[in-house]
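J.: Before anything else, here's the structure in question.
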Amino acid sequence: MLNGKSILLGVSGGIAAYKAAELVRCFGKLGATVQVIMTAGAQKFITPLTLQALSGQPVCTDIFNLELESEIGHIHVARSSHLVVLAPATANLIGKMAAGIADDYLTTVLLATTAPVLICPAMNVKMYEHPLTQRNLQILREIGCHVLEPGVGSLACKEEGVGRLADLPLIVETAHRLLTAPGLKGRRVLVSAGPTWEPFDPVRYITNPSSGKMGYALAAVAARRWADVHLVSGPTSLPAPLGVHLHRVTTALEMKDAVTKLAEDMDVIIMAAAVSDYRPVEAAPQKIKKTSGTMTVQLEKNPDILLALGRDRSASRPNVLVGFAAETENLVQHATEKLTKKNLDFIVANNLTQSGAGFGVDTNQVKIIERSGKIIELPCLAKEEVAERILDRVEQLLADAAHYETD
């Protein structure tokens, strides 16, 4: 999803330099072109040949290399990159940047680039906490650089504290956000995700196979587009997406309360959760013991959260309301009925019987059905790519509404 993007990866001389190899692979798997620049110190920890093999690009190390510099190559490298990532960024590199020193290939390019710069510090805890390092980082923030705080834990020097290179998935996600157009900046987006658990005793409950992956993908992509995202999630094992406000709930009633409380201030609401339609009338306070006879559990309907949101829509909030329909038959008919009944702007429908669609998988195949009756049929895509298409449509509806208001 970073196809066409060029990332300049600057590697300086810290023990965490070995992680640059995996970082190159991560960016490459997303479709980005990666150009690596290494300091002399970095080459003591990992060879240029390794990073060249992984990136498929010559690694820049020598500002006086006659072949690479025959057309002032460092200026071309600086101008052709969409983002600069410094990982690891040592105290030495950070100090040089703050002072405007350009005495090697990397620091020269850093003065010449106009691309956003993401600094990922990694060093000893005392070096990181030193007032000069903190001053230098503050100088860099003030001129527009982005600093990803290092992690806390055991360091290579056997000390404990802050100074570990941030986790690679966090670096990749932060870079992804910096490379994404801020189409939802200033917008408040609410996404629901995952299943709900409806208990009938302390250890048993009624639920469904939802993993939450579709809702979490929507929240992650919306955050990349600079939205203020609130994610109301039923029980899942998924980590919170970067920059998202996560609200964990268990039951449908808890989800209703959380969504209702947040909904009033939202510009966009996307209800991707698989909320249980029914719950046990009573939940036993203790575990129900197995007997030789049968057991009957009486169920009652849960509130329809999406129906209430559609019924109570004001003239302006939310601007866009989106639902999901997971069906096993008559997909378009059932989804269209739900779209109309619940007063939605569009509905995302998928057939659970199709391979690669539905619960627990990393892909989905959906139809986006609009109020006008128009149907946008998507092929089987990764759930993040489906989220991109859904949010493209959300952005278009927001733009149309803004144009209508100005007219």
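The values are calculated or read from the model by the stated rules, or taken from the named source; none is laboratory data. These figures come from a predicted structure and were not determined experimentally. Counting neighbours? That spans all protein chains shown, and the Cβs are built from the backbone with ideal geometry, glycine included.
J.: Would you tally the residues in region 360-407 being modelled with pLDDT of 90 or more, hydrophobic (A, V, I, L, M, F, W, C) and assigned to a helix (DSSP H, G or I)?
T.: The number of residues fulfilling the criteria is 8.
Conditions (1) without any contact (Cβ under 8 Å) to a residue 24 or more places away in the chain; (2) touching a Pro at 6+ places or on another chain (Cβ under 7 Å), marked per residue:
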| position | (1), (2) |
| --- | --- |
| Tyr205 | yes, yes |
| Tyr216 | no, yes |
| Asp265 | no, no |
| Lys287 | no, yes |
| Asn302 | no, no |
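J.: Could you grab me the full set of residues in region 127-184 that are over 16 Å from Pro241 (Cβ atoms) and charged (D, E, K, R)?
T.: Result: Glu129, Arg135, Arg141, Glu142, Glu149, Lys158, Glu159, Glu160, Arg164.
J.: Restricting to region 157-204, name every residue that is modelled with pLDDT under 95 and assigned to a strand (DSSP E or B).
T.: Glu160, Gly161, Val162, Gly163, Arg164, Phe200, Asp201, Arg204
J.: State all residues of region 339-364 that are within 18 Å of Gly212 (Cβ to Cβ) and of a type outside the set (Ser, Thr, Tyr); if no residue qualifies, say none.
T.: Within region 339-364, Val348, Asn350, Leu352, Gly356, Ala357, Gly358, Phe359, Gly360, Val361, Asp362, Asn364 qualify.
J.: Of the residues Leu8, Leu2, which single one is in contact with a Phe, Trp or Tyr (Cβ under 8 Å, 6 or more places away or on another chain), under 20 Å from Glu173 (Cβ atoms) and either in a helix (DSSP H, G or I) or not polar (S, T, N, Q) (or both)?
T.: Exactly one of Leu8, Leu2 is in contact with a Phe, Trp or Tyr (Cβ under 8 Å, 6 or more places away or on another chain), under 20 Å from Glu173 (Cβ atoms) and either in a helix (DSSP H, G or I) or not polar (S, T, N, Q) (or both), namely Leu2.
J.: Out of the residues in region 173-197 that are farther than 30 Å from Asp277 by Cβ and among the hydroxyl-bearing types (Ser, Thr, Tyr), which is surrounded by the most Cβ atoms within 10 Å (Cβ to Cβ)?
T.: Thr174
J.: Can you pull out the residues in region 140-169 that are touching a Cys at 6+ places or on another chain (Cβ under 9 Å) and of a type in the set (A, V, I, L, M)?
T.: Within region 140-169, Val147, Leu148, Leu165, Ala166, Leu168 qualify.
J.: Given the structure, is Ala122 touching a residue at least 60 places away in the same chain (Cβ under 8 Å), in contact with a helix residue (DSSP H, G or I) (Cβ under 9 Å, 6 or more places away or on another chain) and surrounded by fewer than 16 Cβ atoms within 10 Å (Cβ to Cβ)?
T.: In short, no.
J.: Does region 311-319 include one or more residues that are modelled with pLDDT of 95 or more and over 30 Å from Ala166 (Cα atoms)?
T.: No, because not a single residue in region 311-319 is modelled with pLDDT of 95 or more and over 30 Å from Ala166 (Cα atoms).
J.: Another question, then. May I ask you to say which residue of Leu242, Leu231 is touching a helix residue (DSSP H, G or I) at 6+ places or on another chain (Cβ under 9 Å) and under 28 Å from Lys341 (Cβ atoms)?
T.: Leu231
J.: Suppose we filter Leu66, Leu83, Leu93 for residues that are of a type in the set (A, V, I, L, M, F, W, C) and either modelled with pLDDT under 95 or not assigned by TED's automatic domain parsing to the domain that holds Leu140 (or both); which single one remains?
T.: Of the residues listed, the single one that is of a type in the set (A, V, I, L, M, F, W, C) and either modelled with pLDDT under 95 or not assigned by TED's automatic domain parsing to the domain that holds Leu140 (or both) is Leu66.
J.: Can you name every residue in region 77-107 that is under 12 Å from Thr39 (Cα atoms) and surrounded by 19 or more Cβ atoms within 10 Å (Cβ to Cβ)?
T.: Leu86, Ala87, Pro88, Ala89, Thr90, Leu93, Asp104, Tyr105, Leu106, Thr107
J.: Looking at (1) touching a Cys at 6+ places or on another chain (Cβ under 9 Å); (2) touching a residue at least 40 places away in the same chain (Cβ under 8 Å), can you tell me which one Thr133 breaks?
T.: In the conditions (1) touching a Cys at 6+ places or on another chain (Cβ under 9 Å); (2) touching a residue at least 40 places away in the same chain (Cβ under 8 Å), Thr133 misses (1) alone.
J.: Further question: Go through (1) in a loop (DSSP other than H, G, I, E, B); (2) surrounded by fewer than 17 Cβ atoms within 10 Å (Cβ to Cβ); (3) out of contact with any helix residue (DSSP H, G or I) (no Cβ under 7 Å at 6 or more places or on another chain) for Ala357 and report which single condition fails.
T.: Result: Ala357 fails condition (2) only.
J.: Of all residues in region 341-352, which are under 17 Å from Lys383 (Cα atoms) and not in a strand (DSSP E or B)?
T.: Result: Leu352, single match.
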